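Undergrad: Can you keep this structure in mind? I'll have questions shortly.
The values are calculated or read from the model by the stated rules, or taken from the named source; none is laboratory data. All of these numbers come straight from a predicted model, not from anything done at the bench. Heads up, the Cβs are rebuilt from the backbone with ideal geometry, glycines too, and the neighbour counts pull from every protein chain shown.
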Amino acid sequence: MTQKVVVIYSGGMDSFTVLNKALQEGHDVYALSFDYGQRHVKELKVAAQVCEKLNVPHKIVDISAINQLIGGSSLTDDIDVPEGHYEEESMKSTIVPNRNMILLSLAVGYAVSLKASQVYYGAHSGDHAIYPDCRPEFVKKMDDLCRIANYDAVEIFSPYLNNTKIDILTDGIKMGLDYSQTWTCYNGREKACGKCGACQERLEAFKLNDVTDPLEYEL
């Protein structure tokens with residue numbers, strides 16, 4: 001059944017897969033991206049290009065002023081981005097305080113204004129070890145709240161919540177998706193660094209799917 005949905009779309013491979021999954025399910029999709037003061041906006045430019053190509057309504061919302069209140073993350077402050085595997089303790093420096101609660105709240109407000117029934121976002125099991133706001137208990141509580149926070153209930157839906165990034169890529173490959181249209185690296189240089197946690201996890205997913213990553217790397 002076709003329904004109107006909002007997809008939180010960062011421009012990365014997970015949200016790219018979620019966006020396309022919602023489209024292939026036949027939904028009327030509205031993509032929503034956020035400039036929250038991250039180190040670079042390369043992923044947002046990629047997101048805009050994808051949405052234009054897919055003819056998906058897309059908003060990029062500047063909420064960078066929140067950095068006056070929430071800091072201490074290597075994704076937003078002048079702190080070196082850690083290298084190594086995504087689940088290493090050092091990756092905790094990439095946590096942006098309360099980010100997903102803020103983004104989901106704004107997306108739900110947008111959904112209510114559109115009369116949309118769901119907000120999709122790309123949390124997955126690979127995030128659970130480091131990011132509390134990607135864990136099933138968080139998603140469940142947010143879903144409970146967003147069903148009662150307005151006169152119109154909105155469901156928080158994470159289709160890959162209990163899947164790994166490897167599984168997400170497997171699904172995307174089955175859908176025939178082109179991952180050259182995504183950006184994952186925490187650094188916004190011309191090529192992906194291949195060393196940060198996001199790159200490491202992405203490369204692992206491609207390797208275990210026996211597929212070559214179409215992005216160019218500095219390595």
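Residue-by-condition table, conditions (1) over 21 Å from K45 (Cα atoms); (2) acidic (D, E):
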position: R99; (1), (2): no, no
position: Q118; (1), (2): yes, no
position: D143; (1), (2): yes, yes
position: V154; (1), (2): yes, no
position: N163; (1), (2): yes, no
position: L169; (1), (2): yes, no
position: M175; (1), (2): yes, no
position: G197; (1), (2): yes, no
position: E204; (1), (2): yes, yes
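Undergrad: Which one of these is touching a residue at least 12 places away in the same chain (Cβ under 8 Å), crowded, with 20+ Cβ neighbours inside 10 Å and more than 19 Å from Q38 (Cα to Cα): A198, A205, A192?
TA: Only one candidate passes the filter, namely A205.
Undergrad: Against the definition (assigned to a loop (DSSP other than H, G, I, E, B), within 24 Å of V50 (Cα to Cα) and not β-branched (V, I, T)), how does L161 come out, yes or no?
TA: Numbers: assigned to a loop (DSSP other than H, G, I, E, B): yes; within 24 Å of V50 (Cα to Cα): yes; not β-branched (V, I, T): yes.
For L161, the condition - assigned to a loop (DSSP other than H, G, I, E, B), within 24 Å of V50 (Cα to Cα) and not β-branched (V, I, T) - is met.
Undergrad: Okay, next question. Please verify whether V46 is part of a helix (DSSP H, G or I), touching a residue at least 60 places away in the same chain (Cβ under 8 Å) and over 22 Å from D167 (Cα atoms), treating the condition exactly as stated.
TA: Yes, satisfied.
Undergrad: Also, quick follow-up: Report, by residue number, each residue of the range 27-57 that is among the polar types (S, T, N, Q) and on the phi > 0 side of the Ramachandran plot.
TA: N55
Undergrad: Give the residues of the range 1-18 that are of a type in the set (S, T, N, Q) and either in contact (Cβ under 8 Å) with a residue 60 or more places away in the chain or crowded, with 24+ Cβ neighbours inside 10 Å (or both), sorted by residue number. Explain how you work it out, then say what you get.
TA: First, pick out the residues of the range 1-18 that are of a type in the set (S, T, N, Q): 2-3, 10, 15, 17.
Hits for the range 1-18 are Q3, S10, S15, T17.
Undergrad: Kindly indicate which of L145, L104, L114 is closer than 26 Å to C199 by Cβ and at pLDDT 85 or above. Step through it out loud before you land on a result.
TA: On the way: L145 fails: closer than 26 Å to C199 by Cβ; L114 fails: closer than 26 Å to C199 by Cβ.
None of the others qualify; the one that does is L104.
Undergrad: When you check S158 against the structure, is it among the hydroxyl-bearing types (S, T, Y) and either under 16 Å from the mean Cα position of the chain (by Cα) or under 18 Å from G12 (Cα atoms) (or both), yes or no?
TA: So S158 fits the description; yes.
Undergrad: For residues that are part of a helix (DSSP H, G or I), within 23 Å of T17 (Cβ to Cβ) and among the small types (G, A, S), tally how many sit in the range 101-145.
TA: 4
Undergrad: Right, something else. Out of all the residues in the range 169-219, which are of a type in the set (G, A, S) and part of a loop (DSSP other than H, G, I, E, B)?
TA: G176, G188, G194
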